[in-house]
Amino acid sequence: MLQRFQLIIHASGFHVPEKGQDPIIGFLTVKRVMAHDEEEAGNVAKEEMMNDPKILGMMEQTREHTGTDATCKLEVGECFRIGWLRWTLSPLPTRLLVYSAEKDADQEAK
C-alpha cells in the first residue's frame, strides 16, 4: 500500500555561478512523495528532482564551468512517513536552501 513520505534532500557537487557572490555548490530541499517504503520514497524523490528544470539547469551550469556534472549528487538526509492531515493541509516548502563554497569551507573548519 502506498504511504505518504516527506524527505529532506541534500544536493552537493554543484558549481553554479552567482553574480557578485561565491558559486552555489549545494542545496537542501524538502520533497513529498507517495511510495511503498522509505527506500522507494528516496528513489522517487531523487528521480523527480532529476527531471526538474531548475535542477537540470544547475547541472548544465556545473557542466559548463567544470566540464562535467558527475560531481552532482542527491542524497536523502531524512525520510519519514506523514499523515493525511499534514500531507493535505500543511504547506510544502518549494524553495532550495543553497550554500556556497565560503560557507562550506567554514563548516569544514569546525
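Being open to solvent by 80 Å² or more (accessible area, probe 1.4 Å) and assigned to a helix (DSSP H, G or I), is that true of even one residue in region 71-82? No, region 71-82 contains no residue that is open to solvent by 80 Å² or more (accessible area, probe 1.4 Å) and assigned to a helix (DSSP H, G or I). Go through the residues of region 3-16 one by one and say whether even a single one is part of a strand (DSSP E or B), among the hydroxyl-bearing types (S, T, Y) and surrounded by fewer than 17 Cβ atoms within 10 Å (Cβ to Cβ). For region 3-16, residues part of a strand (DSSP E or B), among the hydroxyl-bearing types (S, T, Y) and surrounded by fewer than 17 Cβ atoms within 10 Å (Cβ to Cβ): present. Against the conditions (1) outside any strand (DSSP E or B); (2) open to solvent by 70 Å² or more (accessible area, probe 1.4 Å), G57 satisfies every one except (2).
Here T68 meets the list (1) open to solvent by 60 Å² or more (accessible area, probe 1.4 Å); (2) assigned to a loop (DSSP other than H, G, I, E, B); (3) among the β-branched types (V, I, T) almost entirely, failing just condition (1). Listed by first and then second residue, the pairs with beta-carbon distance under 9 Å, at least 6 apart or on different chains, first residue in region 27-44 and closer than 27 Å to A101 by Cα, second among the acidic types (D, E), are K31/E48; G42/E75.
Only one entry of V30, V44, V98 meets the criterion of being of a type in the set (A, V, I, L, M), at pLDDT below 95 and surrounded by 14 or more Cβ atoms within 10 Å (Cβ to Cβ), and that entry is V98.
Here D22 passes the criteria (1) surrounded by fewer than 12 Cβ atoms within 10 Å (Cβ to Cβ); (2) modelled with pLDDT under 95 except the one numbered (1).
The values are calculated or read from the model by the stated rules, or taken from the named source; none is laboratory data. Just so it is clear, the model here is predicted, and its values are computed rather than measured. All Cβ positions, glycine included, derive from the backbone under ideal geometry; neighbour counts span all protein chains shown. The area values use the complete protein model at the heavy-atom level, side chains included, leaving out ligands, DNA and RNA. Shrake-Rupley method; radii C 1.70, N 1.55, O 1.52, S 1.80 Å.
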